[in-house]
Amino acid sequence: MTPGSLSARILDYANRADPYPLYAELRKTPVRREDDGTYLVSTYYQVRSLANDPRLSQDPRNRPPGYTRPEQPEEKAGLPPSFILTDPPEHDRLRAIANRPFGPPHSPRFLDSLRGELASVVAELLDAFEGKKEVDVVDDFAYPLPVTAICKVLGIPREDEPRFHGWADAVASGIDPQHGAAGQERSQRAREELGAYLSHLIETKRRSPGPGMLSALAPETAPGGSLTPADLAATAILLLVAGHETTVNLIANATLTLLRNPDVLQRFQNDADLAVPLIEEVLRYEPPVQFVPINVALADIDLAGVTIPKGSPVWLMLAAANRDPQRFENPDRFDPDRKDNEHLGFYTGIHYCFGAPLARMEGQLALPELFRRVKNLRLVQDPPPYRDNAVLRGPRHLPVTIEDLTA
């Protein structure tokens, strides 16, 4: 992409702490063509329309030559694309099978059964703040909770976290366009190693099942269909990485936003029931996934007076759409009382976030307890250091000083 272009400026780390002025500039041209032929779609109704349009594909096998490396990392690693990178009917089949042990209608109580365990994890993490005057909300709270949760959901040993931490970070970096071929190489190697680890674990669970989704999905035959070993490994990679990376951002972004809005924070500390609408507003105001840069047009698409030609790469700018004044009143104001808050923080359409119920539950457990038990949190620096990843935007560290810890 051309240096100085809007897409390049959005990817530039110098703008990571506050990309929202760039998104406002972007919305002036709802469907914008960059010099490299990529189309950036930034207004709410246009993003929502395209995200639900079958003429837009997330399958890397449909991307034009030169848009990505000729051999996709998933394929080179001996794995098929995960279901988020497929189109119907393949997408629908894979996602439906993966959902059977996770949620309704087949497993309506699975997540709720984890609520008590995750509440205990929250308490243990906060107990560890005792006697400290400064903590890092990311490293000490926002990261370990979602990692523990996704390990419980999948049935992965929590003690293996040091092994897969680096792999997960590298796989997540592969979605960020700024890293180019080098990022794809790093992502590919991590996918190979993570895939080998998970394949071995899945085979172990096939022989000796235990709790969690991997054991439930491991049998080679099951009512309603089953996943091949390769499909299951690809699905496990997706759920492991996406299952904690975005929730880390959600909790960290929510904490930072509350500390920047002391009036809302005071209300929240006196009314834990505010957690539900507050988290929805965080998902609108500071979404953990800023944009989706992995789409390609399967046909010419007319939108907002512009024709997006067949084969064109398309970025759907979720964070820009979430602050579109044509959809949200006073969009740059953080307002948990906002009505009709149908944000795009978890995307929309067939690729709506698979783990959204889990992420919401974690946020609703974590945030009220954090601000109930930890007294007088104060930011050490604002803005804090952000992650390098422009797509999965959130603080890399969130150091705060604390005064006291209550029971």
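The values are calculated or read from the model by the stated rules, or taken from the named source; none is laboratory data. None of these values were measured; they are calculated from a predicted model. Cβ atoms come from the backbone with ideal geometry, glycine included; neighbour counts cover every protein chain shown. In case anyone asks, the SASA skips ligands and DNA or RNA and just uses the protein heavy atoms, side chains included. Shrake-Rupley method; radii C 1.70, N 1.55, O 1.52, S 1.80 Å.
Quick notes
- Condition met for residue 75 (at pLDDT 95 or above, surrounded by fewer than 19 Cβ atoms within 10 Å (Cβ to Cβ) and assigned to a helix (DSSP H, G or I)): no
- In the stretch 12-26, of all residues being in contact with a helix residue (DSSP H, G or I) (Cβ under 7 Å, 6 or more places away or on another chain) and surrounded by fewer than 20 Cβ atoms within 10 Å (Cβ to Cβ), the one that is nearest to residue 391 (Cα to Cα) corresponds to 15.
- Restricting the stretch 41-63 to residues that are out of contact with any strand residue (DSSP E or B) (no Cβ under 7 Å at 6 or more places or on another chain) and at pLDDT below 95, the residue that is most open to solvent (accessible area, probe 1.4 Å): 61
- Scope the stretch 195-211; condition within 24 Å of residue 165 (Cβ to Cβ) and either open to solvent by 20 Å² or more (accessible area, probe 1.4 Å) or of a type in the set (Phe, Trp, Tyr) (or both); matching residues: 196, 197, 199, 200, 201, 203, 204, 205, 210, 211
- Selection count, the stretch 81-140, where residues are in a loop (DSSP other than H, G, I, E, B), crowded, with 20+ Cβ neighbours inside 10 Å and either free of Cβ contacts under 8 Å to residues at least 24 places away in the same chain or among the small types (Gly, Ala, Ser) (or both): 1
- Against the list (1) within 22 Å of residue 126 (Cα to Cα); (2) without any contact (Cβ under 8 Å) to a residue 24 or more places away in the chain; (3) open to solvent by less than 40 Å² (accessible area, probe 1.4 Å), the condition residue 356 fails is (1).
- Count of the stretch 141-188 residues, restricted to those that are small (Gly, Ala, Ser), touching a residue at least 24 places away in the same chain (Cβ under 8 Å), outside any loop (DSSP other than H, G, I, E, B) and open to solvent by less than 30 Å² (accessible area, probe 1.4 Å), is 6.
- Condition broken by residue 327, with the remaining ones in (1) touching a helix residue (DSSP H, G or I) at 6+ places or on another chain (Cβ under 6 Å); (2) more than 24 Å from residue 391 (Cα to Cα) satisfied: (2)
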